[in-house]
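What follows is a single structure, written as C-alpha cells, with notes after it.
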Amino acid sequence: MMRAVVASELLKLRSVTTTYRAIGVAALMVVLGAVWTFYVGTMADERGSIRAAAPEQGFLPLLQTSLALLGVLAITSELATGMVRTSLVVVPRRGVLFAAKAGVVGAVTFGGAVTILLTTYATSRLIAGDRLLGFNQSSLAADLPMLLASGLSVTVLALVGLGLGCATRSTAAGIVSVVSLLFVLPGIATYLPPPWNTRVASFMLPNLVPQIAGDQLSRRLGDGLLPPWAALATLIFYAAVTLGAAFYLFKRRDA
Amino acid sequence: MVRCAEGPPCRIFFSVIELHHLTKRYGDTLAVHDLSFSVAPGHVTGFLGPNGAGKSTTMRLILGLDAPTSGKALVNGRPYMSLARPMREVGALLDANAVHGGRSAYNHLLCLARTNDIGPRRVAQVLEQVGLAGVARKRVGGFSLGMKQRLGIAAALLGDPRVLMFDEPVNGLDPDGVRWIRDLMCSLAAEGRTVLLSSHLMSEMALTAERIVIVGRGRLIAEATVAELISRYHTLEDAYMALTAGSVQFGVSS
Ligand SMILES: Nc1ncnc2c1ncn2[C@@H]1O[C@H](COP(=O)(O)OP(=O)(O)O)[C@@H](O)[C@H]1O
Ligand SMILES: [Mg+2]
C-alpha cells in the first residue's frame with residue numbers, strides 16, 4: 001500500500017509543470033554561482049586575492065525558497081482544488097497519504113538540493129581555478145558537512161512548507177510562513193540587544209546550517225550556542241513539529 | 001411513508017451500503033439527521049432530494065471524507081476507511097471539479113490508479129470507455145464540465161468496482177452527455193453492480209433508478225421502488241412534489 005501511494009505521489013509531482021518551474025528556479029543557483037565566481041575572479045585578477053562568499057552559501061536562500069514552494073504546493077494544490085478528496089477516496093488512510101506525500105517531498109527536495117549544491121560547488125571551483133577567492137581554499141571533504149547541512153535545510157524547509165500549507169490550507173499562507181521562518185524572524189533576531197541576538201539567532205532555521213558545520217553564524221553574531229549535533233537535532237525538530245501538527249489537523253478535519 | 005413491500009424483504013441481507021443513524025452537524029447546520037437506509041446490489045438506487053438536503057454530505061460520510069457526528073456508514077459490511085484497496089470495491093464521483101487543472105487526463109487517472117496497483121493499460125481502457133481517449137494528453141484545466149464529469153466517471157471505473165456512487169453526475173451536461181450517463185448507469189447495474197446515483201431532479205431518476213431514497217433537510221422522507229411510487233402518486237414528479245413539499249430549502253447544492 002505505502003509503496004503504491006509513494007509511486008502515485010511521485011507521479012503527482014512529475015506530472016505538473018510547477019514542479020519543473022520550482023526546480024528550474026532552484027537550479028538558477030548554478031548559473032548565479034558561476035556568474036558570481038567569474039565576477040569575483042576578475043576582481044581577484046586585479047587585486048591578487050579576495051575574500052568572497054561561497055556561492056553555495058550566498059545563493060542558498062534561493063534554493064531554500066524555491067524548493068520550499070514545492071513542499072507548500074504539494075499539499076495546497078490539492079486542498080485548493082478539492083483534489084485532496086479525490087485522493088482520499090482512493091487512499092482513505094490519511095496517515096498513509098500524508099506520509100507518502102512527506103516522504104516524496106523530502107526525498108525529491110533533498111536529492112534536488114544536494115545535486116544543485118554540488119553542481120554549484122563544482123562549477124564555481126572550476127571557474128575559480130587557482131585564484132584566491134576566499135571560499136575555494138578548502139577541500140571538498142572539509143566543505144561537505146556544510147553542503148549536506150545546506151541540503152538538509154532545504155528539505156526541512158520544504159517539509160515545514162508542506163506542514164504549514166496543510167495547516168493553513170492556503171498556498172499564500174504557506175509561502176508567507178516559510179518566508180517568515182527563513183528571512184523575517186532571523187532578521188528580527190539580529191537586531192535584539194546582545195547577548196539575546198546571538199542566543200535567539202542560534203535557534204533560527206537558516207542559522208542552524210553553519211552551526212551544524214561548526215562555523216560562525218555571521219561576523220556580527222559570532223559563534224552560535226549550539227554544538228553541531230544539537231543544531232542538527234533542532235533542524236529536524238522544526239520539520240517534526242510542523243509535520244506532526246499538520247498531520248494532527250489533516251487526520252481530524254473534514255476533507 | 002412508502003416502504004419496500006415486494007420481493008424478499010428489501011434484500012437487506014445483501015446490502016452493500018448501510019447507513020445506521022448517520023448524523024452530521026456543521027456548526028449550526030444539521031446536514032444529515034439520523035439517516036438510516038441501505039442500498040442493495042443489482043440496480044440503480046436513486047438518491048433524491050432538493051438542494052441542501054444532505055445528499056453530498058451523506059456520500060462524503062460514506063466515503064470517510066467527513067467524520068459523522070454520530071452513527072455510522074458501512075460499505076460491504078466495513079467502514080470505508082478500513083478498505084485496503086478501495087478502488088477495487090467502490091468507485092465514486094463526488095465533484096468533477098476536484099482535479100488539479102495542470103495535470104493531463106491520463107496522468108490524473110494514472111496518479112489515482114497507482115495508489116491501488118492499477119496499471120496504465122486500465123487507464124487507457126477507461127479513457128476509451130468514457131470517450132476521452134482523444135484528449136488524454138490534454139490538461140484537465142481546459143476541460144468543459146461535461147468532460148470533467150466523464151473524467152470523474154473514468155476514475156470511478158478504474159478499479160472495476162462492484163459498488164459505484166455518483167453525486168449529481170448529469171449537472172452541466174448537454175443532452176448527449178445526459179443520455180450517455182443514463183445508458184452507462186443502466187448497463188453498470190445490469191452487470192450486477194450496485195449504483196447509488198444522487199440527483200435533485202426526479203425526471204433523471206425515472207429513466208434509470210429502480211429504487212428511490214428521498215431525503216429532505218437531512219432526514220429520510222421515503223424509501224420505495226419506482227413502481228410503488230407511480231402506483232401511489234401517478235407520476236414520479238407528483239410523488240416527489242408531494243413528499244418533499246415540507247423540505248425544499250433555498251440554496252445552492254455543493
Ligand atoms: N462543509 C460544510 N460546512 C458547513 N455546512 C455544510 C458543509 N457541507 C454541507 N453543508 C450544509 O449542509 C447542508 C446539506 O448540504 P449538501 O450535503 O451539500 O446537500 P445536497 O448535496 O443534497 O444539495 C446544506 O445546508 C449545506 O449548506
Ligand atoms: Mg450536492
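Observations on the model:
- Restricting the range B:167-186 to residues that are within 16 Å of ligand 2 (Cβ to nearest atom) and in a loop (DSSP other than H, G, I, E, B), the residue that is nearest to B:Ile118 (Cα to Cα): B:Pro169
- Taking the numbered list (1) open to solvent by 40 Å² or more (accessible area, probe 1.4 Å); (2) more than 16 Å from ligand 2 (Cβ to nearest atom); (3) of a type outside the set (Ser, Thr, Tyr); (4) at the interface with another protein chain (Cβ under 10 Å from one of its Cβ atoms) in turn, B:Asp34 passes all entries but (4).
- If you go through the range A:211-239 and keep only what is open to solvent by less than 20 Å² (accessible area, probe 1.4 Å) and of a type outside the set (A, V, I, L, M), you end up with A:Gln211, A:Gly222.
- Residues within the range B:38-89 that are more than 10 Å from chain A (Cβ to nearest Cβ), assigned to a helix (DSSP H, G or I) and open to solvent by 40 Å² or more (accessible area, probe 1.4 Å), tallied: 1
- Every residue from the range B:90-127 that is within 12 Å of B:Gly159 (Cα to Cα), facing chain A (nearest Cβ under 7 Å), assigned to a loop (DSSP other than H, G, I, E, B) and open to solvent by 20 Å² or more (accessible area, probe 1.4 Å): B:Asp117
- Only a single item in (1) part of a loop (DSSP other than H, G, I, E, B); (2) modelled with pLDDT under 95 is not met by A:Phe203, and it is number (2).
- Residue match in the range A:30-44 (condition: out of contact with any Lys or Arg (no Cβ under 9 Å at 6 or more places or on another chain), surrounded by 20 or more Cβ atoms within 10 Å (Cβ to Cβ) and among the aromatic types (Phe, Trp, Tyr)): yes
- A Cβ distance below 9 Å, combined with a sequence gap of six or more or placement on separate chains, defines the contacts here; from the range A:16-28, residues that are within 13 Å of another protein chain (Cβ to nearest Cβ) reach residues that are outside any helix (DSSP H, G or I) in the pairs A:Val16/B:His100; A:Val16/B:Gly102; A:Val16/B:Arg103; A:Thr17/B:Gly102; A:Thr18/B:Gly102.
- Sole residue being within 14 Å of chain B (Cβ to nearest Cβ), of a type in the set (Ser, Thr, Tyr) and open to solvent by 40 Å² or more (accessible area, probe 1.4 Å), chosen from A:Thr76, A:Thr81, A:Thr86: A:Thr81
- Test: residue in the range A:96-105 that is more than 14 Å from chain B (Cβ to nearest Cβ) and of a type in the set (A, V, I, L, M, F, W, C): yes
- Among the candidates B:Ala242, B:Ala189, residue that is part of a helix (DSSP H, G or I), more than 16 Å from ligand 1 (Cβ to nearest atom), away from chain A (no Cβ under 14 Å) and touching a Gly at 6+ places or on another chain (Cβ under 8 Å): B:Ala189
- Test: B:Leu164 is part of a strand (DSSP E or B) and either in contact with a strand residue (DSSP E or B) (Cβ under 6 Å, 6 or more places away or on another chain) or within 14 Å of another protein chain (Cβ to nearest Cβ) (or both): yes
The values are calculated or read from the model by the stated rules, or taken from the named source; none is laboratory data. Owing to the predicted nature of the structure, the values given are computational and were not obtained by experimental measurement. With ideal geometry, Cβ positions are generated from the backbone for all residues, glycine too; neighbour counts draw on all protein chains shown. Side chains are part of the model used for accessible areas, which takes the heavy atoms of the whole protein and leaves out ligands, DNA and RNA. Shrake-Rupley method; radii C 1.70, N 1.55, O 1.52, S 1.80 Å.
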